[in-house]
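Have a look at the structure below, then the notes.
The values are calculated or read from the model by the stated rules, or taken from the named source; none is laboratory data. In this text the structure is predicted, and so the values were computed from the model without any measurement. Glycine gets a Cβ as well: all are built from the backbone with ideal geometry, and neighbour counts include every protein chain shown. Heavy atoms of the whole protein, side chains included, go into the accessibility calculation; ligands, DNA and RNA do not. Shrake-Rupley method; radii C 1.70, N 1.55, O 1.52, S 1.80 Å.
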Amino acid sequence: MDPPHEKSWSIHTRKEITTKYEIFNRIGAGAYSDVYKARRRSDSVTVALKEIHDYQSACREIEALQILQHCPNVVVLYEYFWREDEDAVLVLEYLPTDLSSLIKEAKNWENGLGLGEIKKWMVQILCGVDACHRNSIVHRDLKPENLLISDNGVLKLADFGQARILLAPGFVAANDNQQPYVQSNPGQATVAGPSHFKHISDVSSEGGLFIEEPGSVVQPERLGESDELRSRFLDDIDKDSNIQDGDTSCLATGTMSNVEEDLLPGTYSYDVEDGEHDCFPPLTSCVGTRWYKAPELLYGSTNYGPEIDLWSLGCIFAEVLRLEPLFPGNSDIDQLGRIFSVLGNLSEEVWPGCANLPDYKIISFGKVDNPVGLEACLSNRSTDEILLVKKLLCFDPAGRATAMELLHDKYLNEDPLPVPSSELRIPSKHSGADEDSPDELGDYRDFNSDSDFDDFGPVKVSSTDYGFSIKFT
């Protein structure tokens with residue numbers, strides 16, 4: 001057998017890709033991936049090629065996109081290339097812009113975003129998030145940059161490299177149509193039935209990690225002894241370091257209507273200790289982007305679920321309504337301070353059980369006697385709009401409204417109704433940085449600066465039964 005090739009770290013050297021795709025410029029780059037604009041030679045369709053340098057991120061993104069392949073509001077994965085000696089390269093639908101660009105551009109519009117436009121964007125986001133949660137997928141990095149927009153106004157969730165699938169071992173959602181909300185008549189919504197699950201123990205574990213479009217006759221390069229690769233994923237202890245890969249998914253999206261249902265073999269049954277099959281696999285609090293990060297993550301929680309996405313949605317919706325970020329923290333400590341200044345302190349009174357958060361007894365803040373409230377932050381918005389955001393920005397995760405509940409919210413189902421996609425104003429370009437452009441949001445994306453206490457203010461450190469406590473005033 002020939003010795004394995006040295007990693008190329010570049011899709012330009014891989015003939016199996018270059019023979020099918022003409023690769024243009026790099027349009028996004030992050031710590032663990034690069035994205036290139038390309039053209040499919042067979043039919044001249046523009047696509048995005050995402051080369052992922054991290055094994056675990058690649059597994060997660062491919063698996064999540066395959067599960068969500070029939071959702072109109074999730075990025076489309078056409079195919080992917082992966083060999084043991086190379087990085088995974090995902091062929092994704094090319095989308096030219098995102099919600100972040102829309103927000104920036106709308107600031108210059110005479111009257112900003114219209115109510116019908118706002119509602120249409122919200123409905124599309126909620127449909128994508130609901131599809132994820134109905135399939136037990138937690139995105140874990142929802143933010144405007146990861147909500148991509150097509151030329152015809154379709155919004156789609158992207159960048160699933162940090163996603164986790166919280167399913168019982170050996171089970172996968174079996175509902176093909178994951179679009180729960182259909183506005184057939186003005187103000188009228190219909191809802192699909194609940195997801196069902198089927199056992200996938202009979203799914204074959206053979207074959208290379210490669211998907212071809214239906215109709216193609218191509219023998220995938222076999223991985224041979226792929227047990228080692230799969231075990232590296234199954235032994236995952238969720239190392240998701242604080243990667244900020246936000247701009248690398250740019251221009252990918254996902255209704256996987258053209259992908260064979262050839263899910264990654266073995267990746268659904270995460271490693272679980274004997275006798276612990278009712279438990280979720282270990283998680284990490286080091287995920288997401290700070291401005292949209294739920295309080296439980298900022299306090300170090302590793303026992304969470306889809307509710308962290310719902311908090312992110314609240315931050316995103318508030319940003320759409322005010323055209324400015326709601327909690328633009330400079331560090332994780334500053335982020336908590338900004339949240340408390342608006343919503344008040346986190347306590348057992350507002351969230352019974354919060355004292356059990358890993359860092360709750362270590363980090364404390366002075367009492368906020370007069371929080372400004374969401375009303376002040378959304379002073380030019382209606383009562384219904386403020387209430388919608390409040391239903392998401394709730395300290396107690398159990399109190400946050402689900403995406404499905406919000407799709408039936410009064411605000412989204414009364415005049416003015418969401419406009420058709422054809423009436424949406426689309427931003428002119430993508431906000432993501434390419435290899436020649438500086439990242440203007442780079443400061444807040446540097447998670448390694450979270451412990452920079454000097455910039456926050458006076459700090460009091462004292463000994464406690466738990467080791468020490470840090471109080472910020």
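General observations
- Residues that are at pLDDT 80 or above, open to solvent by less than 40 Å² (accessible area, probe 1.4 Å) and assigned to a helix (DSSP H, G or I) are absent from region 242-257.
- Scanning region 22-79 for residues that are in a loop (DSSP other than H, G, I, E, B), among the β-branched types (Val, Ile, Thr) and crowded, with 20+ Cβ neighbours inside 10 Å gives Val75, Val76.
- Count of residues meeting criterion [farther than 30 Å from Gly112 by Cα and either in contact (Cβ under 8 Å) with a residue 12 or more places away in the chain or in contact with a Ser or Thr (Cβ under 6 Å, 6 or more places away or on another chain) (or both)] in region 354-389: 13
- Residues of region 82-112 satisfying the condition of being closer than 18 Å to Glu145 by Cα and either open to solvent by 10 Å² or more (accessible area, probe 1.4 Å) or assigned to a helix (DSSP H, G or I) (or both): Glu93, Tyr94, Pro96, Leu99, Ser100, Ser101, Leu102, Ile103, Lys104, Glu105, Ala106, Lys107
- Search result, residues across region 126-144 that are buried (at least 23 other Cβ atoms within 10 Å of the Cβ) and either in a loop (DSSP other than H, G, I, E, B) or modelled with pLDDT under 95 (or both): His139, Arg140, Asp141, Leu142, Lys143
- Only one entry of Pro397, Pro371 meets the criterion of being modelled with pLDDT of 95 or more and open to solvent by 50 Å² or more (accessible area, probe 1.4 Å), and that entry is Pro371.
- Considered as a group, the residues in region 383-399 that are closer than 15 Å to Ile125 by Cβ and in a loop (DSSP other than H, G, I, E, B) include one that is nearest to the chain's Cα centre (by Cα), and that residue is Leu392.
- Yes/no for Leu115 being out of contact with any Ser or Thr (no Cβ under 8 Å at 6 or more places or on another chain), open to solvent by less than 10 Å² (accessible area, probe 1.4 Å) and not β-branched (Val, Ile, Thr): no
- Taking the criterion of being over 10 Å from the mean Cα position of the chain (by Cα), closer than 23 Å to Glu405 by Cα and open to solvent by less than 10 Å² (accessible area, probe 1.4 Å), the only residue of region 149-163 that qualifies is Leu155.
- All positions within region 78-133 that are under 30 Å from Ile17 (Cα atoms) and among the basic types (Lys, Arg): Arg83
- Candidates Glu260, Glu296 - the one that is touching a Pro at 6+ places or on another chain (Cβ under 8 Å) and either at pLDDT 95 or above or assigned by the TED database to the domain that holds Val154 (or both): Glu296
- Filter pass, Leu326 being modelled with pLDDT of 95 or more and assigned to a helix (DSSP H, G or I): no
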